[in-house]
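One structure below.
A short reminder: the numbers here are calculations on the coordinates, not readings from a lab. Everything quoted here is computed from the prediction, not taken from an experiment. Glycine gets a Cβ as well: all are built from the backbone with ideal geometry, and neighbour counts include every protein chain shown.
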Ligand code: FES
């Protein structure tokens with residue numbers, strides 16, 4: 001694949017997150033597993049998305065995890081849920097990528113084959129001795145998604161396990177063990193509007209096997225996947241250098257970051273699985289689709305200060321807008 | 001039957017078609033039925049304590065706990081007590097023969113083990129043993145700490161041998177409410193912190209266990225009992241929606257949502273979740289009483305009766321007038 005092709009492909013598969021010129025928080029969930037058209041292409045036909053960046057992003061995850069193993073967390077009571085998540089992800093992969101992925105039952109064990117990585121393995125469900133790594137570590141080494149598992153008890157959801165290497169300005173290691181409502185405590189404006197309570201109620205009512213999805217977005221400098229709180233010293237200054245740097249560079253340095261989140265009720269453990277897949281598109285590519293450039297400008301222009309602050313984009317949105325004004329089909 | 005490949009499929013309405021693989025009497029009045037996919041494919045996994053809802057006549061359903069293995073199993077097993085005073089569902093089950101096809105829901109969980117519990121105290125009464133059996137299987141698989149008290153009348157201990165073989169000295173059996181009280185009350189008074197108690201059985205027994213636990217100082221959140229009937233929304237009664245602007249009348253049959261009925265008529269209503277949470281499908285109502293079933297509108301908005309979420313909510317009477 002030539003670079004031009006992969007650029008075109010990245011644009012065509014990008015989940016552009018703005019249906020209108022104004023963005024506010026909402027409980028924007030919809031059934032998963034169907035493809036959504038954009039003006040540039042489409043996205044979302046599968047729950048797990050394997051694309052041209054598979055090997056690069058997997059390697060990046062491995063590097064981050066080796067440097068900071070705390071990116072994987074599994075409270076002891078979540079061990080069954082982690083196995084359940086692994087098997088469900090394997091089943092989903094085998095279903096969505098039958099040419100390269102296989103899951104089959106072999107007596108008391110399971111047979112797993114991933115041709116993309118040349119993996120062939122037999123394991124017994126629940127028996128850690130038969131797996132080369134913890135279940136979440138094993139399966140997250142074979143997908144590009146981050147995974148969080150929520151336990152449901154006492155009428156609440158708790159973020160008790162997961163593997164997150166590509167967090168946008170948060171830290172799973174810090175949040176693990178917190179309730180869903182606590183995790184979302186700092187999000188501005190959502191309390192008065194009841195959005196999180198509604199989302200929480202919705203998740204608790206998900207039935208086994210059901211899957212839904214939503215999108216979220218922010219801006220990221222230099223296309224870094226890992227902008228978690230832990231590594232802030234490494235990437236925090238990028239926002240300043242972008243804001244202070246030449247306007248010309250903004251188109252290539254500033255990225256629109258969309259997270260596609262799948263919400264799946266695991267059938268065996270009853271846990272709710274969040275799959276978080278991160279897509280990054282530089283402003284230059286966003287602006288190459290005229291409708292997107294204009295819309296992104298309008299959304300950034302309209303976004304209230306508290307929301308920009310929470311998303312960590314108060315420094316970068318100005319330069320982003322200025323760049324879009326010159327290159328982005330924006331009519332004032 | 002949805003195929004094994006659809007383990008995480010988002011299909012809400014899609015139930016299962018299953019064939020009766022085996023049917024036998026476990027003890028007087030209790031019949032065990034083994035159900036399988038007609039093509040032999042694996043069935044959807046389920047949480048311990050789950051049940052399936054069996055459709056036994058037009059619009060008639062009964063729920064039964066699954067007793068067998070739970071990870072992509074090759075069969076579902078239920079055990080059903082004949083209820084002479086019931087509406088006929090258990091009689092219908094007792095008449096099933098191998099080879100027959102039935103319609104059932106996918107498994108739903110209303111009685112899952114609490115994963116953070118330090119210890120599980122499982123109390124089964126009579127046919128209430130069925131979900132307890134699947135709890136015991138899971139507890140053994142994951143090495144969870146548990147004890148079982150099984151109360152049944154002489155000759156009527158369904159699954160008693162199987163359970164005894166699984167539990168060993170972790171199970172005791174009793175045969176009267178008095179005996180149950182004698183064994184259970186001291187046990188409730190002397191449990192490690194972080195124990196959860198689960199009861200499945202006749203309503204008086206569930207109430208008694210809850211009362212004893214309360215008297216022993218147990219917080220209510222640690223006491224669980226099986227409540228069938230929790231699950232998706234009921235089908236609801238049929239009604240008609242009048243579109244105020246065009247005067248068109250749209251009938252909404254039982255089991256069809258107002259949203260579906262409108263969409264079927266080509267009337268465009270934006271929608272997303274179809275679960276009453278996203279707020280996308282909100283409609284203004286001009287007249288008629290609404291049966292609100294959504295999680296989106298506030299209590300005040302519901303009381304005002306001026307808008308509704310047609311993906312889940314219905315008319316409380318036979319007619320609604322919409323601002324459409
Ligand atoms: S479609 Fe989401 S509330 Fe009705």
Cα gyration tensor shape for segment A:201-324, rounded if a/c is under 1.5, else prolate or oblate: prolate
Computed E for residue B:83/residue B:155 - FRET, C-beta separation, R0 22 angstrom, nearest 0.05: 0.75
R0 of 25 Å, Cβ-Cβ distance residue B:263-residue A:178: FRET efficiency to nearest 0.05: 0.05
Enumerate the residues in segment A:223-246 having an amide nitrogen under 11 Å from the point lying 7 Å beyond the Cα of residue A:318 toward its Cβ. A:243-244
Give me the distance in nm between label points sitting 7 Å out from Cα along the Cα-to-Cβ direction at residue B:284 and residue A:51, one decimal. 4.1 nm
So what is the relative contact order of segment B:207-324, in percent, for Cα pairs below 8 Å that sit 6 or more residues apart? 27 percent
Assuming a ≥ b ≥ c are the square roots of the Cα gyration tensor eigenvalues, decide whether the protein assembly as shown counts as rounded (a/c under 1.5), prolate (otherwise, with a/b larger than b/c) or oblate. prolate
Between residue B:211 and residue B:185, what length comes free when the chain is fully extended (0.36 nm per residue of separation minus the Cα-Cα distance, one decimal in nm)? 8.3 nm
Roughly what would the spin-label model give for residue B:58 and residue A:306, points 7 Å off Cα along C-beta, in nm? 5.6 nm
Could you work out how far helix A:79-96 tilts from the main Cα principal axis of chain A, as a 0 to 90 degree angle to the nearest 10? 70 degrees
With springs only between Cα atoms under 10 Å, which of B:251, B:28, B:69 fluctuates most in a Gaussian network model of chain B? B:251
Helix B:177-189 vs. chain B, principal-axis angle (Cα, 0 to 90°, nearest 10): 90 degrees
Given contacts defined as C-alpha pairs under 8 Å and at least six residues apart, what's the relative contact order of chain A, whole-number percent? 20 percent
Checked segment A:1-99 with the C-alpha gyration tensor, a ≥ b ≥ c its square-rooted eigenvalues, rounded below a/c of 1.5, otherwise prolate if a/b is larger than b/c and oblate if not; verdict prolate
Mind giving me the nanometre distance, one decimal, between the label points for residue B:235 and residue A:122, set 7 Å out from Cα along Cα→Cβ? 4.8 nm
R0 = 51 Å: FRET efficiency of residue B:321 with residue B:74, Cβ-based, nearest 0.05? 0.45
What does the extension gain come out to for residue B:173 and residue B:193, with contour length at 0.36 nm per residue minus their alpha carbon separation? 4.8 nm
Can you give the angle from 0 to 90° between the axis of helix A:3-12 and the longest principal axis of chain A, with both taken from C-alpha atoms, to the nearest 10? 90 degrees
